[in-house]
Amino acid sequence: MARKDAPLGWDRKTQQRLARGEAAALGELYDRFASLVHGLAHRVLGDEQAADAVTREVFTHVWEHPDAYDPKRGPLRTWIAELTHRLAVRRLRATGTAALARGGPGTAADLEHKVRHAAVAARADYIVQSMPVPLRAALERAYFRRRDYRQTAADLGITEDEARRRLRLGLQLLATAEDAAGPPGYGGAA
């Protein structure tokens with residue numbers, strides 16, 4: 001029990017430090033979550049510069065509105081991922097709408113399909129990054145190294161049954177990426 005409270009304790013303390021205007025707290029937050037934010041934004045937008053801009057927007061929002069995070073609703077990581085997703089999708093829609101207005105290729109339906117596809121991909125990335133290391137390690141071996149469950153078991157030094165369980169659970173978690181259009185719902189992020 002104390003182990004689960006520790007991360008939320010860090011989240012609360014960081015929020016309080018941000019509310020007091022401690023720049024060091026923002027630096028620590030950036031060090032911890034910048035790769036997550038940038039990766040999700042890049043996955044949605046498919047553009048390095050746009051992902052950089054969203055990353056700046058996310059940390060600016062966190063700095064300016066630390067009270068928007070409610071520790072009772074979940075971890076800071078989830079709130080930041082949800083905020084990233086919302087800002088990235090908003091930017092994608094604005095960019096796509098502007099292109100449509102200029103007579104660019106595609107239709108509004110194409111744009112919404114692209115937004116939906118990007119949201120599912122971002123959620124899948126978030127799910128994989130949030131998985132416990134043993135599940136992620138098994139999935140990475142199976143997917144990126146094209147290892148079957150027997151080879152994965154040998155690589156990880158676990159039983160074949162355990163490798164099958166880890167792969168099955170990891171795939172079940174990934175299957176939920178289609179169920180929602182963003183990271184696990186937190187709400188009130190933007």
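With respect to VAL37, determine if the residue is part of a helix (DSSP H, G or I), touching a helix residue (DSSP H, G or I) at 6+ places or on another chain (Cβ under 9 Å) and at pLDDT 90 or above. The answer is yes for VAL37.
Of all the residues in segment 153-174, those that are touching a residue at least 40 places away in the same chain (Cβ under 8 Å) and farther than 30 Å from ALA119 by Cβ number 0.
Restricting GLU48, GLU64 to those that are exposed (fewer than 15 other Cβ atoms within 10 Å of the Cβ), free of Cβ contacts under 8 Å to residues at least 12 places away in the same chain, touching a His at 6+ places or on another chain (Cβ under 8 Å) and under 24 Å from ALA122 (Cβ atoms) reduces the list to GLU48.
Scan segment 131-152 and give yes if some residue there is open to solvent by less than 60 Å² (accessible area, probe 1.4 Å) and in contact (Cβ under 8 Å) with a residue 40 or more places away in the chain, otherwise no. There is at least one residue in segment 131-152 that is open to solvent by less than 60 Å² (accessible area, probe 1.4 Å) and in contact (Cβ under 8 Å) with a residue 40 or more places away in the chain. GLU28 meets the conditions (1) open to solvent by 70 Å² or more (accessible area, probe 1.4 Å); (2) at pLDDT below 90 in every case but one. The failed one is (2).
Scanning segment 51-61 for residues that are open to solvent by 40 Å² or more (accessible area, probe 1.4 Å) and either modelled with pLDDT under 90 or β-branched (Val, Ile, Thr) (or both) gives a single hit, THR60.
The values are calculated or read from the model by the stated rules, or taken from the named source; none is laboratory data. On a predicted model such as this, the values are computed, not experimentally measured, just so you know. Virtual Cβ from ideal backbone geometry, glycine too; neighbours counted across all protein chains shown. Surface accessibility is based on the protein's heavy atoms, side chains included, excluding ligands, DNA and RNA. Shrake-Rupley method; radii C 1.70, N 1.55, O 1.52, S 1.80 Å.
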